[in-house]
1. Identify all residues within the range 76-102 that are over 16 Å from L137 (Cα atoms) and either among the β-branched types (V, I, T) or touching a strand residue (DSSP E or B) at 6+ places or on another chain (Cβ under 9 Å) (or both); write none if there are none.
2. Going by what's in this entry, would L243 be described as open to solvent by less than 40 Å² (accessible area, probe 1.4 Å) and more than 16 Å from ligand 1 (Cβ to nearest atom)?
3. Being within 13 Å of ligand 2 (Cβ to nearest atom), touching a residue at least 60 places away in the same chain (Cβ under 8 Å) and under 15 Å from V268 (Cβ atoms) is the filter here; which residues of the range 212-242 pass it?
4. Are any of the residues in the range 253-264 more than 16 Å from ligand 2 (Cβ to nearest atom), closer than 24 Å to L137 by Cα, of a type outside the set (K, R) and in a helix (DSSP H, G or I)?
5. Quick check on the range 93-115: of everything there that is open to solvent by 10 Å² or more (accessible area, probe 1.4 Å) and assigned to a strand (DSSP E or B), which residue is nearest to ligand 2 (Cβ to nearest atom)?
6. Please report, ordered by residue number, the strands (runs of 3 or more DSSP E) entirely within the range 1-86 with at least 2 residues that are open to solvent by 20 Å² or more (accessible area, probe 1.4 Å).
7. Please work out which residue is surrounded by the most Cβ atoms within 10 Å (Cβ to Cβ), limiting yourself to the range 246-272 and to residues that are within 17 Å of the chain's Cα centre (by Cα) and among the acidic types (D, E).
Amino acid sequence: MLLGAHEGIAGGVSTAFSRAEADGADCLQIFTRNARGWAAKPLEDDEVTRFRGEARRTGKPVAAHSSYLINCAAPDRVIRKKSWEALADELGRCERLGIPALIFHPGSHDDVAEGTKLVAEAMERALDRVPGKAKLLVETTAGQGTSLGWRFEQVAAIRDLVPAGKRRRTAVCVDTCHIHAAGYDITTEDGYEKTIGELDRVVGLSNVRAFHLNDSKKPIGCRVDRHEHIGEGALGLAPFRLLVNDDRFAETPGFVETESRWKENIEVLRGLVRR
Ligand SMILES: [Zn+2]
Ligand SMILES: [Zn+2]
């Protein structure tokens, strides 16, 4: 697995590469805009050029994570429209920057079937508006409140509703903290194999294009999303040892999303790799 972290973009998106280098990362995840507000300044041409230069210089693969405000399943029409438009805007930024993957949370709706349909519609609209190669990656969630995507079946159902021609521009990101909180046990070798087997049957491993590598502050099945440093939470080191040595994910990027200590967390993960 390629190991990296979510890196800051203070001073411009192109600055994330040197942070990734300082953290000893193989790859990096970034926001392409302010993740906590709806308003976003357009990317300047100069910054796009600098970003592409840094990507070439370092050779590090990049993924983008979307704004947390986006809820494509929102029952409220206005929020829903804002959400798919923001998703399209972010997908457009990815195209300009040459980032191949935009990871997003499917959103919340108390009616799973209706919510699923709304997310698929939003994805189709965004993909329609932004032609190109960048993929939308649906992230598995912890299932807090009414959030969708905590069962692999829900993630698969969202992709299935995107028309076939557009579906090839969709994929999946699996978050270790979230699936643990959602009730999937990956802490033992048996549990890990069973979970990855289920992921393969339901989603297809070829559709899993990224991992979020986070330990969990909360116990299995709690449906609460609280990231912990690698090896210091309810997951412990065992599932990460299995993941980083799993040949099926040798080319897949994995990003640490803790609030701090990225370098240290990446070192811990690297220490688990068998030589
Ligand atoms: Zn995540
Ligand atoms: Zn999370």
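The values are calculated or read from the model by the stated rules, or taken from the named source; none is laboratory data. Quick caveat, the model's predicted, so the values are computed rather than measured. Cβ placement follows ideal geometry from the backbone for every residue including glycine, while neighbour counts extend to all protein chains displayed. Note: accessible area is taken over every heavy atom of the protein model, side chains too, but ligands, DNA and RNA are not part of it. Shrake-Rupley method; radii C 1.70, N 1.55, O 1.52, S 1.80 Å.
1. Here is the first cut: in the range 76-102, the residues over 16 Å from L137 (Cα atoms) are 76-82, 85, 96-97.
Listed by number, the residues that qualify are V78, I79, L97.
2. Criteria not met by L243.
3. Residue satisfying the conditions is L213 alone.
4. no
5. S108
6. Values: elements: 2-6, 27-30, 62-65.
Those strands (runs of 3 or more DSSP E) span 2-6.
7. Of everything passing the filter in the range 246-272, E257 is surrounded by the most Cβ atoms within 10 Å (Cβ to Cβ).
Let's see how each residue does on (1) within 14 Å of ligand 1 (Cβ to nearest atom); (2) among the aliphatic types (A, V, I, L, M); (3) touching a residue at least 24 places away in the same chain (Cβ under 8 Å):
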position	(1), (2), (3)
I99	no, yes, yes
L102	yes, yes, yes
D110	no, no, yes
G115	no, no, yes
K133	no, no, yes
Q144	yes, no, yes
G149	yes, no, yes
L161	no, yes, yes
K166	no, no, yes
